[in-house]
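What follows is a single structure, written as structure tokens, with notes after it.
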Amino acid sequence: MAEGVLMPKAGITVEECVITEWLKKKGDQVAVGDILFTYETDKASFECESTAAGELLEIFYEEGDEVPVLVNVCAIGQPGEDVSALKNAAPGEAAPEAAPAPAAAPAAAPAAAAPTGPVAQGVLMPKAGITVEECVITEWTKKKGDHVNVGDVLFTYETDKASFECESTAEGTLLEIFYEDGEEVPVLVNVCAIGNPGDSIEGIKEGTAAAPAPAVEAPASAAAAPAAAAPTGPVAQGVLMPKAGITVEECVISEWLKKKGDHVEVGDVLFTYETDKAAFECESTAAGTLLEIFYEDGEEVPVLVNVCAIGNPGDSIQGLKEGTAPAAAPAVEATAAPVAAATAATAATAGNPDAKVSPRARMTAETLGVDPTLAAASGPHGRVIERDVRALAASQPLGQPEAAAAPAPVAAATAAPAAATVAAADQPEYVDVKFSGVRKATAKAMVKSLSTMAQLTHYHTFDATALMNLRKQIKANGEAMGMPNITLNDMVMFAVTRIITNHPDLNAIMPEENVLRKYTNVHLGMAVDTPKGLMVPTIFNANKMSLTELCVEAKRLAKLCQEGKATPDMLSGASFTVSNVGSLGVEMFTPVVNPPQVGILGVCGITTRVREAAGEIKTYPAMGLCLSYDHRALDGTPASKFMKELCNALENFSLLMMK
């Protein structure tokens, strides 16, 4: 029976995805884990890996088609198997009953003993981390016989680090629960069965399925065995670069805490690394001697690739470093014969039409004007990734991609210019610096913000006399009263949390087009300048905090960001943001809204202004405030009302604290 491959649900709000490119074609043989196609949502691009092995029998959606999530995109199985029931079938939909089989069919029955009617769907125990092997079910929120929809929470479960909720991937009746509260379940094993009453659940529970028949492929594998030249002695273990988020493709190693030759235990921190959002520690998944380090400090490493090898002295590390497994007949090159050189040149210019190229690498190749299929693949599963394309571009002489095939006399003639180039390199005219992960994330968010929103900014000022007097009192007497060092920015943020609840259209996000999600509590984003770039941690439920509590939490989050210890959870979930550059002498600026939020308040410095009071011209300290907002979500009048109320509250801050 053929199997369908579902369009993944790449985010909790994602309903459809667009197929960008098929990497396999109808008739190809695929294995579990092979990349079938690339697809994109409104936020990012992804790769879809096969969940079945066999022949790609049918492709239901072509490149450019918009596909609902959790719908079959293609069918994989053995030649001749029926795929008609898989097209347009969503999870939980029962396949139509099969037509009466021909008379010869009963003869094959003893081999498979497959269910004759509709079959229910299993829901897998998620793999909640790269080192997680089992999870414990803490509580079922649905019971046998309940009707469930895709996305309903079936049960809660926990690992040794955190608790999670498991959402249903199928729709129908909860026919059977295979594991109860408190039971330990291996990851990627069916926990329950969902379908229509009467559907078969045979083979869904772990250990009850009929064993597959891989014997057909065995001869081919056996024939290929001599070519692999596998190590004959003990083999070391590789430690993978963790995948620290669903959209993370590469991580940068910050610092190795262990060195080659050190003895390590399972759980020892080997190195620190960072993504575009946060910094992490990588713990060892093996015990022994650190035999080899494949990537050094500062290098960008694809996720799920071995970073180092651990084992006993003398253990083989062959094949552990990505791209080092079974080198292709190097003895041919050792002869250095002219015929071999000509062959190599021909192969290099022809490229590999079957090369697996990541979307990012393909885009980079287009920018640099090189053929990505010529690059030496170093990515997971033999894929060409961005750094391979850059290495290829760097290895080709400018404007002369065929220079490798030039005769020897040409090399001599070019020796002098090459020497001149080396001399000039001592004093480069400029240096290209790649964006850090944080810079990349900021750039992407800002471009998206300004290209997708109807943004405008209102500029206001208020009399900061009362605020400055209170600040002087706190500086003079606060420490003696056990108070933290409350700043003017803390006071502004406190006022925002009290006033914005009266203006719910600003305390909101736009999770999708034409939808405004208004929050009851204020989750305040706070822009923080760090050595790695701008970060925006969230002060959750800030409207429930006192001024002192808000000040303490703001300082805690700012310190974590500056030390590179903020987690992704700390850097998301804000409903409104405050950004303060007043201490740098800025009198007015246009803050950019951080999507999906719809507003951001910019806090400026204090300047001296004049005004008429009782017939006299007097000076006063004026603080500037700049509100940028999404005109799709609210109009100018409600935005101005918020700013007017906020300025009034700040001018009467002592009264605000008494409310």
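A single member of 617, 600 is aliphatic (A, V, I, L, M), open to solvent by less than 60 Å² (accessible area, probe 1.4 Å) and either at pLDDT 95 or above or not in a helix (DSSP H, G or I) (or both), and it is 600. Does residue 60 qualify as being at pLDDT 90 or above and surrounded by 18 or more Cβ atoms within 10 Å (Cβ to Cβ)? Yes. With the condition kept exactly as written, say whether any residue in the stretch 376-392 is at pLDDT 50 or above, open to solvent by less than 40 Å² (accessible area, probe 1.4 Å) and over 22 Å from residue 248 (Cβ atoms). Yes, because at least one residue in the stretch 376-392 is at pLDDT 50 or above, open to solvent by less than 40 Å² (accessible area, probe 1.4 Å) and over 22 Å from residue 248 (Cβ atoms). Looking across the stretch 1-42, the residues that are within 18 Å of residue 80 (Cα to Cα), open to solvent by 50 Å² or more (accessible area, probe 1.4 Å) and at pLDDT below 90 come down to 1, 3. Cβ-Cβ contacts under 7 Å between residues 6 or more apart (or on different chains), taken from a first residue in the stretch 535-562 that is in contact (Cβ under 8 Å) with a residue 60 or more places away in the chain to a second residue that is assigned to a helix (DSSP H, G or I) and among the small types (Gly, Ala, Ser), are listed as 550/542.
Consider residue 440 carefully, then state whether it is at pLDDT below 90, loosely packed, with under 15 Cβ neighbours inside 10 Å and within 30 Å of residue 244 (Cα to Cα). Yes: the conditions hold for residue 440.
Taking strands (runs of 3 or more DSSP E) that fall entirely within the stretch 248-312, which contain at least 1 residues that are open to solvent by less than 20 Å² (accessible area, probe 1.4 Å) and closer than 20 Å to residue 361 by Cα? Talk me through it step by step, then tell me what you get.
Numbers: elements: 250-256, 269-274, 279-283, 288-293, 300-302, 306-311.
The qualifying strands (runs of 3 or more DSSP E) are 250-256, 300-302.
The set of residues from the stretch 573-595 being more than 18 Å from residue 529 (Cβ to Cβ) and open to solvent by less than 60 Å² (accessible area, probe 1.4 Å) comprises 573, 575, 576, 593, 595. Counting only strands (runs of 3 or more DSSP E) that fall entirely inside the stretch 475-555 and contain at least 1 residues that are more than 18 Å from residue 657 (Cα to Cα) and open to solvent by 60 Å² or more (accessible area, probe 1.4 Å), the qualifying elements are 508-512, 515-518, 528-530, 533-535.
Name every residue in the stretch 456-474 that is farther than 18 Å from residue 591 by Cα and out of contact with any Cys (no Cβ under 9 Å at 6 or more places or on another chain), in order of residue number. Result: 464, 465, 466, 467, 468, 469, 470, 471, 472, 473, 474. Flag: residue 646 does not match the condition of being outside any strand (DSSP E or B) and modelled with pLDDT under 95.
Looking at the stretch 157-179, can you tell me whether even one residue there is in a strand (DSSP E or B), within 29 Å of residue 567 (Cβ to Cβ), open to solvent by 30 Å² or more (accessible area, probe 1.4 Å) and among the aliphatic types (A, V, I, L, M)? Within the stretch 157-179, not a single residue is in a strand (DSSP E or B), within 29 Å of residue 567 (Cβ to Cβ), open to solvent by 30 Å² or more (accessible area, probe 1.4 Å) and among the aliphatic types (A, V, I, L, M).
Listed by position, the strands (runs of 3 or more DSSP E) contained in the stretch 1-52 that have at least 2 residues being more than 15 Å from the chain's Cα centre (by Cα) are 3-6, 16-22, 35-40.
Quickly run through the stretch 464-474 and pick out the residues that are surrounded by 15 or more Cβ atoms within 10 Å (Cβ to Cβ), farther than 17 Å from residue 549 by Cβ and without any contact (Cβ under 8 Å) to a residue 40 or more places away in the chain. Residue satisfying the conditions is 471 alone.
The values are calculated or read from the model by the stated rules, or taken from the named source; none is laboratory data. Please read all numbers here as calculations on a predicted model, not as lab measurements. A quick note on method: Cβ atoms are made from the backbone with ideal geometry, for glycine too, and the neighbour counts reach across all protein chains shown. For the accessible areas, the whole protein counts, side chains as well, though only heavy atoms, and no ligand, DNA or RNA atoms are used. Shrake-Rupley method; radii C 1.70, N 1.55, O 1.52, S 1.80 Å.
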